[in-house]
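Note sheet for the following structure.
The values are calculated or read from the model by the stated rules, or taken from the named source; none is laboratory data. These numbers come from a predicted model, not from an experiment. Here the Cβ positions follow ideal geometry from the backbone for every residue, glycine too, while neighbour counts run over all protein chains shown. The area values use the complete protein model at the heavy-atom level, side chains included, leaving out ligands, DNA and RNA. Shrake-Rupley method; radii C 1.70, N 1.55, O 1.52, S 1.80 Å.
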Amino acid sequence: MRVDFNFVPNGWKKVKIAKKLFFQEGPGVRKWQFTTEGIKLLNVGNINDGKVDLSTTDKHLSTEEATGKYAHFLVDEGDLLIACSGIVVDNFHNKIAFAKKEHLPLCLNTSTMRFRPLENDVDLNYFKYFLQTAHFTSQLQKLITGSAQLNFGPSHIKKIDFLLPPLSTQKRIAQILDNAAALRDKTQQLLSEYDQLAQSIFLEMFGDPVINQKGYDKIPLSEIVIDDKNAIVDGPFGSSIKKSDYVDQGIPIIRINNIRNEGYHDKDYKYLRREKYEELKRSKVVQNDILIARVGNTIGKTCIFNKNFEALLSTTGVAKASINQSKYNVVFIDKLMSIPTYKKYIQTFIRGAGQPYLNLTQIKSFKILRVPIKLQNQFAEKIALIEKQKALAKQELQQSEDLFNCLLQKAFKGELV
(Lines give C-alpha, C1' and ligand atoms only; values in the text may rest on other atoms or scores of the structure.)
Protein backbone atom coordinates (compact mmCIF):
# COMPACT_ATOMS: atom_id res chain seq x y z
CA MET A 1 0.00 0.00 0.00
CA ARG A 2 1.34 3.44 -0.96
CA VAL A 3 1.49 5.75 2.06
CA ASP A 4 1.53 9.56 1.94
CA PHE A 5 3.77 10.35 4.89
CA ASN A 6 3.18 14.08 4.50
CA PHE A 7 -0.58 13.89 4.97
CA VAL A 8 -1.82 14.91 8.42
CA PRO A 9 -5.60 15.09 9.06
CA ASN A 10 -6.98 18.43 10.14
CA GLY A 11 -6.50 18.98 13.86
CA TRP A 12 -3.99 16.14 14.22
CA LYS A 13 -0.23 16.29 14.80
CA LYS A 14 2.66 14.25 13.45
CA VAL A 15 5.10 13.52 16.28
CA LYS A 16 7.97 11.19 17.00
CA ILE A 17 6.99 8.12 19.01
CA ALA A 18 9.90 8.85 21.35
CA LYS A 19 8.37 12.23 22.27
CA LYS A 20 5.15 10.66 23.54
CA LEU A 21 5.86 7.11 24.67
CA PHE A 22 8.38 5.29 26.81
CA PHE A 23 9.65 2.13 25.11
CA GLN A 24 12.18 -0.50 26.05
CA GLU A 25 13.59 -3.71 24.60
CA GLY A 26 14.37 -6.66 26.84
CA PRO A 27 17.95 -7.61 27.80
CA GLY A 28 19.99 -10.34 26.14
CA VAL A 29 19.61 -12.98 28.81
CA ARG A 30 22.10 -15.82 28.27
CA LYS A 31 21.19 -19.48 28.18
CA TRP A 32 23.20 -20.24 31.32
CA GLN A 33 21.01 -17.78 33.23
CA PHE A 34 17.78 -19.68 32.52
CA THR A 35 16.13 -21.44 35.43
CA THR A 36 13.11 -23.74 35.68
CA GLU A 37 11.36 -21.56 38.25
CA GLY A 38 11.30 -17.96 39.39
CA ILE A 39 10.02 -15.21 37.06
CA LYS A 40 9.14 -16.07 33.47
CA LEU A 41 10.86 -14.45 30.52
CA LEU A 42 8.72 -13.04 27.70
CA ASN A 43 9.78 -14.41 24.31
CA VAL A 44 8.71 -13.68 20.73
CA GLY A 45 6.75 -16.93 20.63
CA ASN A 46 4.61 -15.90 23.63
CA ILE A 47 2.83 -13.16 21.67
CA ASN A 48 0.39 -14.57 19.11
CA ASP A 49 -3.01 -13.55 17.73
CA GLY A 50 -2.98 -10.39 19.81
CA LYS A 51 -2.63 -12.28 23.11
CA VAL A 52 0.10 -13.26 25.55
CA ASP A 53 0.37 -17.01 26.11
CA LEU A 54 3.05 -17.97 28.63
CA SER A 55 2.18 -21.67 28.55
CA THR A 56 4.46 -22.09 25.54
CA THR A 57 7.69 -21.31 27.44
CA ASP A 58 9.48 -22.65 30.50
CA LYS A 59 12.32 -20.12 30.52
CA HIS A 60 12.65 -18.29 33.83
CA LEU A 61 15.08 -16.04 35.66
CA SER A 62 15.69 -16.62 39.33
CA THR A 63 13.53 -14.31 41.42
CA GLU A 64 16.68 -12.86 42.97
CA GLU A 65 18.22 -11.92 39.62
CA ALA A 66 14.93 -10.74 38.06
CA THR A 67 14.08 -8.43 40.96
CA GLY A 68 17.68 -7.28 41.30
CA LYS A 69 19.83 -6.91 38.19
CA TYR A 70 16.83 -6.96 35.81
CA ALA A 71 14.23 -5.19 37.95
CA HIS A 72 13.88 -2.35 35.40
CA PHE A 73 12.80 -4.90 32.75
CA LEU A 74 9.89 -6.26 34.78
CA VAL A 75 6.59 -5.85 32.95
CA ASP A 76 3.72 -3.87 34.48
CA GLU A 77 0.02 -4.50 34.04
CA GLY A 78 -1.24 -2.54 31.03
CA ASP A 79 2.10 -2.40 29.21
CA LEU A 80 1.77 -2.77 25.44
CA LEU A 81 4.03 -5.64 24.38
CA ILE A 82 5.35 -6.42 20.92
CA ALA A 83 7.71 -8.91 19.29
CA CYS A 84 10.43 -7.12 17.33
CA SER A 85 12.55 -9.81 15.68
CA GLY A 86 11.99 -12.34 12.90
CA ILE A 87 8.40 -11.25 12.30
CA VAL A 88 6.79 -11.43 8.86
CA VAL A 89 5.40 -7.98 8.00
CA ASP A 90 1.93 -9.33 7.18
CA ASN A 91 1.76 -11.05 10.57
CA PHE A 92 3.03 -8.20 12.72
CA HIS A 93 -0.49 -7.21 13.84
CA ASN A 94 -0.73 -10.58 15.62
CA LYS A 95 2.49 -9.93 17.58
CA ILE A 96 1.06 -7.04 19.64
CA ALA A 97 -0.68 -7.56 22.99
CA PHE A 98 -1.38 -5.99 26.38
CA ALA A 99 0.12 -7.36 29.59
CA LYS A 100 -2.58 -8.42 32.03
CA LYS A 101 -2.46 -9.03 35.75
CA GLU A 102 -2.52 -12.80 35.29
CA HIS A 103 0.70 -12.64 33.23
CA LEU A 104 2.71 -11.13 36.08
CA PRO A 105 5.39 -11.32 37.34
CA LEU A 106 7.05 -11.28 33.92
CA CYS A 107 10.39 -10.04 32.59
CA LEU A 108 11.14 -8.78 29.08
CA ASN A 109 13.65 -10.80 27.08
CA THR A 110 15.57 -9.95 23.94
CA SER A 111 13.46 -9.31 20.80
CA THR A 112 10.47 -8.13 22.85
CA MET A 113 9.56 -4.53 23.63
CA ARG A 114 7.07 -2.66 25.77
CA PHE A 115 5.40 0.75 25.46
CA ARG A 116 3.63 3.08 27.84
CA PRO A 117 2.60 6.76 27.50
CA LEU A 118 4.92 9.41 28.97
CA GLU A 119 1.92 11.66 29.72
CA ASN A 120 -1.88 11.37 29.61
CA ASP A 121 -2.25 12.69 26.05
CA VAL A 122 -1.83 9.28 24.35
CA ASP A 123 -4.38 6.46 24.49
CA LEU A 124 -2.32 3.26 24.43
CA ASN A 125 -5.14 1.32 22.78
CA TYR A 126 -5.15 3.86 19.93
CA PHE A 127 -1.37 3.49 19.64
CA LYS A 128 -1.82 -0.31 19.42
CA TYR A 129 -3.89 0.18 16.29
CA PHE A 130 -1.39 2.67 14.86
CA LEU A 131 1.27 -0.07 15.04
CA GLN A 132 -0.95 -2.16 12.74
CA THR A 133 -1.06 0.44 9.98
CA ALA A 134 0.98 0.65 6.80
CA HIS A 135 2.01 4.10 8.04
CA PHE A 136 4.04 2.40 10.79
CA THR A 137 5.30 -0.71 8.98
CA SER A 138 6.29 1.25 5.85
CA GLN A 139 8.46 3.60 7.89
CA LEU A 140 9.97 0.65 9.70
CA GLN A 141 10.78 -1.25 6.51
CA LYS A 142 12.57 1.79 5.11
CA LEU A 143 14.73 1.92 8.21
CA ILE A 144 15.59 -1.78 7.99
CA THR A 145 16.26 -1.74 4.23
CA GLY A 146 12.86 -3.05 3.21
CA SER A 147 13.29 -6.58 4.55
CA ALA A 148 10.25 -8.88 4.54
CA GLN A 149 11.27 -9.81 8.11
CA LEU A 150 10.91 -7.17 10.83
CA ASN A 151 14.05 -7.05 12.97
CA PHE A 152 14.21 -3.77 14.84
CA GLY A 153 14.96 -2.13 18.15
CA PRO A 154 14.66 1.16 20.06
CA SER A 155 17.04 2.93 17.67
CA HIS A 156 14.52 2.41 14.86
CA ILE A 157 11.49 3.37 16.95
CA LYS A 158 13.13 6.70 17.84
CA LYS A 159 13.03 7.71 14.17
CA ILE A 160 9.38 6.86 13.49
CA ASP A 161 6.54 9.40 13.33
CA PHE A 162 3.00 8.69 14.38
CA LEU A 163 -0.25 10.53 13.87
CA LEU A 164 -1.70 12.00 17.03
CA PRO A 165 -5.25 13.40 17.12
CA PRO A 166 -6.84 14.91 20.26
CA LEU A 167 -7.25 12.39 23.09
CA SER A 168 -11.03 12.24 22.71
CA THR A 169 -10.61 11.38 19.02
CA GLN A 170 -8.05 8.70 19.87
CA LYS A 171 -10.53 7.07 22.24
CA ARG A 172 -13.37 7.15 19.69
CA ILE A 173 -11.13 5.61 17.01
CA ALA A 174 -9.95 2.90 19.42
CA GLN A 175 -13.57 2.07 20.36
CA ILE A 176 -14.69 1.77 16.73
CA LEU A 177 -11.73 -0.48 15.93
CA ASP A 178 -12.31 -2.50 19.12
CA ASN A 179 -15.86 -3.23 17.96
CA ALA A 180 -14.69 -4.27 14.49
CA ALA A 181 -11.93 -6.43 15.98
CA ALA A 182 -14.46 -8.09 18.33
CA LEU A 183 -16.60 -9.09 15.34
CA ARG A 184 -13.54 -10.54 13.61
CA ASP A 185 -12.39 -12.34 16.76
CA LYS A 186 -15.83 -13.87 17.33
CA THR A 187 -15.70 -15.49 13.89
CA GLN A 188 -12.10 -16.57 14.50
CA GLN A 189 -13.24 -18.21 17.74
CA LEU A 190 -15.90 -20.13 15.83
CA LEU A 191 -13.20 -21.51 13.53
CA SER A 192 -11.16 -22.50 16.58
CA GLU A 193 -14.17 -24.36 17.99
CA TYR A 194 -14.54 -26.30 14.75
CA ASP A 195 -10.89 -27.33 15.07
CA GLN A 196 -11.49 -28.42 18.66
CA LEU A 197 -14.47 -30.47 17.50
CA ALA A 198 -12.28 -32.22 14.92
CA GLN A 199 -9.76 -33.06 17.64
CA SER A 200 -12.53 -34.37 19.91
CA ILE A 201 -13.77 -36.68 17.16
CA PHE A 202 -10.23 -37.97 16.60
CA LEU A 203 -9.73 -38.68 20.32
CA GLU A 204 -13.10 -40.40 20.57
CA MET A 205 -12.41 -42.67 17.59
CA PHE A 206 -8.70 -43.40 18.06
CA GLY A 207 -7.66 -42.22 21.50
CA ASP A 208 -4.61 -40.12 22.23
CA PRO A 209 -1.96 -40.85 19.54
CA VAL A 210 0.87 -40.66 22.10
CA ILE A 211 -0.70 -42.42 25.08
CA ASN A 212 -2.40 -44.89 22.69
CA GLN A 213 -5.09 -46.14 25.07
CA LYS A 214 -6.60 -48.31 22.32
CA GLY A 215 -3.39 -50.25 21.79
CA TYR A 216 -2.78 -49.68 18.08
CA ASP A 217 0.56 -50.70 16.64
CA LYS A 218 2.84 -47.80 15.82
CA ILE A 219 4.98 -47.47 12.72
CA PRO A 220 7.38 -44.75 11.55
CA LEU A 221 6.22 -42.12 9.07
CA SER A 222 8.77 -43.47 6.59
CA GLU A 223 6.72 -46.68 6.26
CA ILE A 224 3.47 -45.01 5.23
CA VAL A 225 4.75 -42.89 2.34
CA ILE A 226 4.87 -43.71 -1.37
CA ASP A 227 7.69 -45.85 -2.75
CA ASP A 228 9.93 -43.01 -3.84
CA LYS A 229 13.32 -41.86 -2.55
CA ASN A 230 11.93 -38.32 -2.46
CA ALA A 231 8.78 -39.21 -0.52
CA ILE A 232 10.05 -37.27 2.52
CA VAL A 233 12.27 -34.34 1.58
CA ASP A 234 12.97 -30.73 2.48
CA GLY A 235 13.48 -27.72 0.25
CA PRO A 236 16.72 -26.76 -1.51
CA PHE A 237 19.50 -24.87 0.27
CA GLY A 238 19.15 -21.11 -0.04
CA SER A 239 22.21 -20.87 -2.28
CA SER A 240 20.53 -23.19 -4.81
CA ILE A 241 18.10 -20.45 -5.84
CA LYS A 242 19.48 -17.12 -7.04
CA LYS A 243 17.68 -13.83 -7.45
CA SER A 244 17.71 -14.28 -11.24
CA ASP A 245 15.69 -17.51 -10.88
CA TYR A 246 12.59 -15.66 -9.68
CA VAL A 247 9.93 -14.59 -12.17
CA ASP A 248 6.55 -12.85 -12.05
CA GLN A 249 4.75 -16.01 -13.21
CA GLY A 250 6.03 -19.55 -12.88
CA ILE A 251 6.14 -22.40 -10.34
CA PRO A 252 4.85 -21.31 -6.90
CA ILE A 253 7.30 -21.61 -4.01
CA ILE A 254 5.93 -22.81 -0.68
CA ARG A 255 7.27 -21.09 2.43
CA ILE A 256 6.74 -21.61 6.15
CA ASN A 257 4.15 -18.83 6.08
CA ASN A 258 1.95 -21.04 3.89
CA ILE A 259 1.65 -23.62 6.69
CA ARG A 260 -1.15 -22.44 8.98
CA ASN A 261 -3.11 -23.97 11.85
CA GLU A 262 -6.29 -23.40 9.87
CA GLY A 263 -4.91 -25.19 6.81
CA TYR A 264 -2.88 -24.36 3.73
CA HIS A 265 -2.49 -20.62 3.07
CA ASP A 266 -2.92 -20.17 -0.68
CA LYS A 267 -1.37 -16.70 -0.89
CA ASP A 268 1.89 -14.74 -0.73
CA TYR A 269 3.83 -16.76 -3.28
CA LYS A 270 7.10 -16.14 -4.98
CA TYR A 271 7.55 -17.82 -8.36
CA LEU A 272 10.42 -19.76 -9.91
CA ARG A 273 11.22 -20.13 -13.59
CA ARG A 274 10.37 -23.63 -14.85
CA GLU A 275 13.92 -24.45 -15.96
CA LYS A 276 15.17 -23.97 -12.40
CA TYR A 277 12.22 -25.93 -11.03
CA GLU A 278 13.18 -28.89 -13.22
CA GLU A 279 16.66 -28.82 -11.63
CA LEU A 280 15.16 -28.90 -8.12
CA LYS A 281 12.27 -31.33 -8.66
CA ARG A 282 13.49 -33.43 -5.75
CA SER A 283 11.66 -30.84 -3.61
CA LYS A 284 8.43 -30.68 -5.61
CA VAL A 285 5.04 -30.78 -3.89
CA VAL A 286 1.84 -32.22 -5.32
CA GLN A 287 -1.76 -32.39 -4.15
CA ASN A 288 -2.34 -34.19 -0.80
CA ASP A 289 1.28 -34.00 0.36
CA ILE A 290 1.69 -33.26 4.08
CA LEU A 291 3.73 -30.09 4.69
CA ILE A 292 5.84 -29.84 7.86
CA ALA A 293 7.58 -26.74 9.25
CA ARG A 294 10.98 -27.82 10.56
CA VAL A 295 12.66 -24.63 11.83
CA GLY A 296 11.88 -21.63 14.02
CA ASN A 297 8.83 -20.77 16.11
CA THR A 298 6.42 -22.75 13.91
CA ILE A 299 8.41 -25.97 14.09
CA GLY A 300 6.25 -29.10 13.85
CA LYS A 301 3.23 -27.28 12.38
CA THR A 302 1.60 -29.27 9.56
CA CYS A 303 -1.07 -28.93 6.91
CA ILE A 304 -2.26 -30.65 3.73
CA PHE A 305 -1.26 -29.17 0.37
CA ASN A 306 -4.76 -29.32 -1.09
CA LYS A 307 -4.11 -27.55 -4.39
CA ASN A 308 -4.08 -29.18 -7.82
CA PHE A 309 -0.88 -27.67 -9.18
CA GLU A 310 2.83 -28.34 -8.93
CA ALA A 311 4.84 -26.33 -6.42
CA LEU A 312 8.31 -26.34 -4.90
CA LEU A 313 9.42 -26.17 -1.28
CA SER A 314 11.28 -22.93 -0.67
CA THR A 315 14.10 -23.90 1.68
CA THR A 316 15.32 -26.59 4.04
CA GLY A 317 12.96 -25.00 6.60
CA VAL A 318 9.96 -26.78 5.04
CA ALA A 319 9.59 -30.54 4.49
CA LYS A 320 6.92 -32.65 2.81
CA ALA A 321 5.72 -36.24 3.11
CA SER A 322 3.94 -37.95 0.20
CA ILE A 323 1.56 -40.41 1.86
CA ASN A 324 0.64 -43.80 0.36
CA GLN A 325 -3.08 -43.11 0.07
CA SER A 326 -4.00 -46.75 -0.48
CA LYS A 327 -3.06 -47.36 3.16
CA TYR A 328 -3.43 -43.99 4.88
CA ASN A 329 -5.81 -41.08 4.60
CA VAL A 330 -3.95 -37.74 4.63
CA VAL A 331 -6.73 -36.14 6.69
CA PHE A 332 -6.12 -38.73 9.41
CA ILE A 333 -2.36 -38.02 9.37
CA ASP A 334 -2.79 -34.25 9.43
CA LYS A 335 -5.25 -34.32 12.35
CA LEU A 336 -3.12 -36.84 14.26
CA MET A 337 -0.16 -34.45 14.05
CA SER A 338 -2.30 -31.54 15.29
CA ILE A 339 -3.31 -33.25 18.57
CA PRO A 340 -1.65 -31.28 21.44
CA THR A 341 0.12 -34.29 22.94
CA TYR A 342 1.52 -35.21 19.52
CA LYS A 343 2.83 -31.66 19.08
CA LYS A 344 4.64 -32.05 22.40
CA TYR A 345 5.98 -35.40 21.19
CA ILE A 346 7.40 -33.67 18.09
CA GLN A 347 9.09 -31.11 20.36
CA THR A 348 11.21 -33.90 21.85
CA PHE A 349 12.96 -34.28 18.48
CA ILE A 350 14.02 -30.63 18.23
CA ARG A 351 17.74 -29.93 18.07
CA GLY A 352 19.77 -26.72 18.07
CA ALA A 353 19.93 -24.01 20.73
CA GLY A 354 20.14 -20.81 18.70
CA GLN A 355 18.07 -22.00 15.74
CA PRO A 356 15.89 -25.00 16.65
CA TYR A 357 15.25 -27.49 13.86
CA LEU A 358 14.01 -30.97 12.94
CA ASN A 359 16.14 -33.01 10.58
CA LEU A 360 14.67 -35.38 8.01
CA THR A 361 15.84 -38.49 9.86
CA GLN A 362 13.83 -37.39 12.88
CA ILE A 363 10.76 -36.60 10.78
CA LYS A 364 10.93 -40.02 9.13
CA SER A 365 10.94 -41.64 12.58
CA PHE A 366 7.70 -39.98 13.78
CA LYS A 367 5.49 -42.78 15.11
CA ILE A 368 2.04 -43.11 13.50
CA LEU A 369 -0.88 -45.25 14.72
CA ARG A 370 -1.57 -48.24 12.47
CA VAL A 371 -5.32 -47.77 12.03
CA PRO A 372 -7.49 -49.64 9.46
CA ILE A 373 -8.01 -47.47 6.39
CA LYS A 374 -11.78 -47.98 6.67
CA LEU A 375 -11.83 -46.23 10.05
CA GLN A 376 -9.56 -43.48 8.74
CA ASN A 377 -11.95 -42.86 5.85
CA GLN A 378 -14.94 -42.74 8.20
CA PHE A 379 -13.08 -40.14 10.25
CA ALA A 380 -12.23 -38.13 7.10
CA GLU A 381 -15.93 -38.08 6.11
CA LYS A 382 -16.82 -36.52 9.46
CA ILE A 383 -14.05 -33.97 9.06
CA ALA A 384 -15.33 -33.10 5.57
CA LEU A 385 -18.69 -32.06 7.10
CA ILE A 386 -16.87 -29.83 9.58
CA GLU A 387 -14.77 -28.35 6.78
CA LYS A 388 -17.94 -27.31 4.94
CA GLN A 389 -19.04 -25.33 7.98
CA LYS A 390 -15.54 -23.91 8.36
CA ALA A 391 -15.61 -22.72 4.75
CA LEU A 392 -18.71 -20.64 5.52
CA ALA A 393 -17.10 -19.27 8.67
CA LYS A 394 -13.96 -18.39 6.70
CA GLN A 395 -16.06 -16.35 4.30
CA GLU A 396 -17.53 -14.47 7.25
CA LEU A 397 -14.05 -14.02 8.70
CA GLN A 398 -12.75 -12.56 5.45
CA GLN A 399 -15.66 -10.12 5.39
CA SER A 400 -15.01 -9.05 8.98
CA GLU A 401 -11.27 -8.69 8.29
CA ASP A 402 -12.02 -6.58 5.21
CA LEU A 403 -14.29 -4.38 7.34
CA PHE A 404 -11.62 -4.00 10.03
CA ASN A 405 -8.89 -3.12 7.51
CA CYS A 406 -11.17 -0.63 5.79
CA LEU A 407 -11.96 1.07 9.10
CA LEU A 408 -8.26 1.01 10.06
CA GLN A 409 -7.34 2.86 6.86
CA LYS A 410 -10.15 5.37 7.25
CA ALA A 411 -9.30 5.94 10.92
CA PHE A 412 -5.77 7.11 10.23
CA LYS A 413 -6.90 9.32 7.36
CA GLY A 414 -9.15 11.14 9.81
CA GLU A 415 -12.30 9.88 8.06
CA LEU A 416 -14.02 8.11 10.98
CA VAL A 417 -14.56 11.06 13.30
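For region 379-396, a residue qualifies if it is over 26 Å from the mean Cα position of the chain (by Cα) and either touching a residue at least 60 places away in the same chain (Cβ under 8 Å) or not in a helix (DSSP H, G or I) (or both), and the qualifying residues are F379, K382.
The set of residues in region 309-331 that are in a strand (DSSP E or B) and either closer than 18 Å to F379 by Cα or among the aliphatic types (A, V, I, L, M) (or both) comprises A311, L312, L313, V318, A319, A321, I323. Of the residues making up region 253-267, not a single one is of a type in the set (D, E) and more than 26 Å from the chain's Cα centre (by Cα).
Residues of region 203-221 being among the hydrophobic types (A, V, I, L, M, F, W, C), open to solvent by 70 Å² or more (accessible area, probe 1.4 Å) and either touching a Cys at 6+ places or on another chain (Cβ under 7 Å) or over 27 Å from L360 (Cα atoms) (or both), which ones? Write out each step before concluding.
First, the residues of region 203-221 that are among the hydrophobic types (A, V, I, L, M, F, W, C): 203, 205-206, 210-211, 219, 221.
With open to solvent by 70 Å² or more (accessible area, probe 1.4 Å) added as a condition, the list becomes 203, 211.
Hit for region 203-221 is L203, nothing else.
Restricting to region 222-240, name every residue that is surrounded by 13 or more Cβ atoms within 10 Å (Cβ to Cβ) and either out of contact with any Leu (no Cβ under 7 Å at 6 or more places or on another chain) or not in a loop (DSSP other than H, G, I, E, B) (or both). Full working, then the answer.
Just the residues of region 222-240 that are surrounded by 13 or more Cβ atoms within 10 Å (Cβ to Cβ), to begin with: 222, 224-226, 230-236, 240.
Listed by number, the residues that qualify are S222, I224, V225, I226, N230, A231, I232, V233, D234, S240.
Against the condition outside any strand (DSSP E or B) and surrounded by 17 or more Cβ atoms within 10 Å (Cβ to Cβ), how does Q175 come out, does it pass?
Numbers: outside any strand (DSSP E or B): yes; surrounded by 17 or more Cβ atoms within 10 Å (Cβ to Cβ): no.
No.
Yes/no per residue for (1) in a helix (DSSP H, G or I); (2) basic (K, R); (3) in contact with an Asp or Glu (Cβ under 6 Å, 6 or more places away or on another chain):
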residue	(1), (2), (3)
I333	yes, no, no
Y345	yes, no, no
Q398	yes, no, no
N405	yes, no, no
K413	no, yes, no
V417	no, no, no
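Selection over region 186-200 of residues that are charged (D, E, K, R) and open to solvent by 70 Å² or more (accessible area, probe 1.4 Å) gives a count of 2.
I251 meets each of the listed conditions (1) without any contact (Cβ under 8 Å) to a residue 60 or more places away in the chain; (2) crowded, with 21+ Cβ neighbours inside 10 Å apart from (1).
Being farther than 20 Å from K16 by Cα and at pLDDT 90 or above narrows it down to one residue among A148, A97; which is it? Full working, then the answer.
On the way: A148 fails: at pLDDT 90 or above.
Matching residue, one of A148, A97: A97.
Residues of region 44-64 include none that is hydrophobic (A, V, I, L, M, F, W, C), over 23 Å from the mean Cα position of the chain (by Cα) and closer than 30 Å to S192 by Cβ. Could you give every pair whose Cβ atoms fall below 6 Å, whose first residue belongs to region 291-305 and is farther than 26 Å from L42 by Cα, and whose second residue is of a type in the set (A, V, I, L, M) and outside any strand (DSSP E or B), counting only separations of at least 6 or pairs across chains? Partner pairs satisfying both residue conditions: I304/V330.
For region 21-48, the set of residues classified as in a helix (DSSP H, G or I) and open to solvent by less than 40 Å² (accessible area, probe 1.4 Å) consists of Q33, V44, G45, N46, listed by residue number.
Once region 49-63 is narrowed to residues that are modelled with pLDDT under 95 and assigned to a helix (DSSP H, G or I), the residue that is least open to solvent (accessible area, probe 1.4 Å) is L54.
Close Cβ contacts (under 6 Å, 6 or more residues apart or on different chains) running from residues in region 169-187 that are farther than 12 Å from L407 by Cβ to residues that are open to solvent by 50 Å² or more (accessible area, probe 1.4 Å) and assigned to a helix (DSSP H, G or I) comprise T187/E396. Within region 147-165, the residues that satisfy the criterion of being surrounded by fewer than 20 Cβ atoms within 10 Å (Cβ to Cβ), in contact with a strand residue (DSSP E or B) (Cβ under 6 Å, 6 or more places away or on another chain) and not charged (D, E, K, R) are G153, P154. For I363, are the conditions met, namely being buried (at least 21 other Cβ atoms within 10 Å of the Cβ) and not in a strand (DSSP E or B)? It is true that I363 is buried (at least 21 other Cβ atoms within 10 Å of the Cβ) and not in a strand (DSSP E or B).
Just wondering, is there one or more residues in region 277-286 that are closer than 17 Å to R260 by Cα and in contact with a Phe, Trp or Tyr (Cβ under 7 Å, 6 or more places away or on another chain)? Among the residues of region 277-286, at least one is closer than 17 Å to R260 by Cα and in contact with a Phe, Trp or Tyr (Cβ under 7 Å, 6 or more places away or on another chain), which makes the answer yes.
Scanning region 310-321 for residues that are in contact with a strand residue (DSSP E or B) (Cβ under 7 Å, 6 or more places away or on another chain) and either open to solvent by 10 Å² or more (accessible area, probe 1.4 Å) or over 14 Å from I254 (Cβ atoms) (or both) yields a total of 4.
Tell me whether region 394-403 contains one or more residues that are under 17 Å from Y194 (Cα atoms), at pLDDT below 95 and exposed (fewer than 15 other Cβ atoms within 10 Å of the Cβ). Let's see the steps before the verdict.
To start, the set of residues in region 394-403 that are under 17 Å from Y194 (Cα atoms) comprises 394-398.
Imposing the further condition that a residue be at pLDDT below 95 reduces the set to 394-398.
Those left that are additionally exposed (fewer than 15 other Cβ atoms within 10 Å of the Cβ): 395, 398.
The answer is yes; a qualifying residue exists.
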